[in-house]
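Undergrad: I have a structure here, written as structure tokens, and I will follow up with some questions on it.
The values are calculated or read from the model by the stated rules, or taken from the named source; none is laboratory data. None of these values were measured; they are calculated from a predicted model. Here the Cβ positions follow ideal geometry from the backbone for every residue, glycine too, while neighbour counts run over all protein chains shown. Calculation scope for accessible area: heavy atoms of the full protein, side chains included, ligands and nucleic acids excluded. Shrake-Rupley method; radii C 1.70, N 1.55, O 1.52, S 1.80 Å.
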Amino acid sequence: MDSLKAGSGRRRWTAKERHRLVARFHQSQLTQRAFAGRHGIGLSTLGKWLRAEGQATLPPVKFREVVLPNTPLRYAVEVVSPQGWIVRLQNSSEVQTLPQLLQALPC
């Protein structure tokens, strides 16, 4: 690969080389450490390239306000058991009967 040497002696990779190496990494099924070692790339450098690739491919997130219909509460109390049965009370005044109802149900 025709990588450039900077004045500090560190290797400088062209954009084309980085792209080619990242593509080869994805095809290799190697760990980042193994791939970087085989190709003379610093592990942190490869990680940086992969993060940059991931950020470049993500579309920007767009949020939109969702208006929910204003529906009145259907039940004052709803109890759902792990077995799947459901007890619903329409009026909060019925809450005092809840212990008796729950004792009558199979648990």
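Undergrad: Ignoring ligands, DNA and RNA, please state the percent of accessible area on the chain from carbon and sulfur, probe 1.4 Å.
TA: Working: 4860 of 9150 Å².
Summing carbon and sulfur atoms, their accessible area is 53 percent of the total for the chain.
Undergrad: Counting Lys and Arg as +1 and Asp and Glu as -1, each charge on the Cβ, what is the dipole of the chain about the Cα centre in debye, to the nearest 20?
TA: Working: 16 positive and 6 negative charges, 250 e Å.
For this selection, approximately 1200 debye.
Undergrad: Once every DSSP H run of n ≥ 4 in the chain is given -39500 (n - 2.57) and the sum is divided by its residues, what mean residue ellipticity at 222 nm do you get, rounded to the nearest 500 deg cm²/dmol? Don't jump to the answer; show the numbers that get you there.
TA: Details: 4 runs with 44 residues, N = 107.
Value at 222 nm, helices only: -12500 deg cm²/dmol.
Undergrad: Hey, another quick one. Quick one, which of [x] 1.50; [y] 1.02; [z] 0.92 is the actual Rg/Rh (Cα atoms, Kirkwood Rh) calculated for this model?
TA: The calculated read-out lines up with [x].
Undergrad: Now for a separate question. With a probe of 1.4 Å, find how much accessible area the stretch 28-107 has per residue, and write the answer as a whole number in Å².
TA: On the way: 6890 Å² over 80 residues.
Dividing the accessible area of the stretch 28-107 by its residue count gives 86 Å².
Undergrad: What does the highest-first list of 19-25, 63-69, 37-43 look like by mean Cβ count within 10 Å? Before the final figure, lay out each step's value.
TA: Values: 19-25: 15.4, 63-69: 4.6, 37-43: 13.6.
Output ranking for 19-25, 63-69, 37-43: 19-25, 37-43, 63-69.
Undergrad: Between rounded, prolate and oblate, where does the stretch 59-107 land on the alpha carbon gyration tensor, with a ≥ b ≥ c its root eigenvalues, rounded for a/c under 1.5, else prolate if a/b exceeds b/c?
TA: Because a/c hits 1.5 or more and a/b fails to exceed b/c, the stretch 59-107 counts as oblate.
Undergrad: Using a Förster radius of 25 Å, what is the FRET efficiency between Gln29 and Phe63 based on their Cβ-Cβ separation? Nearest 0.05, please.
TA: Numbers: r = 37 Å, r/R0 = 1.47.
In this case the efficiency is close to 0.10.
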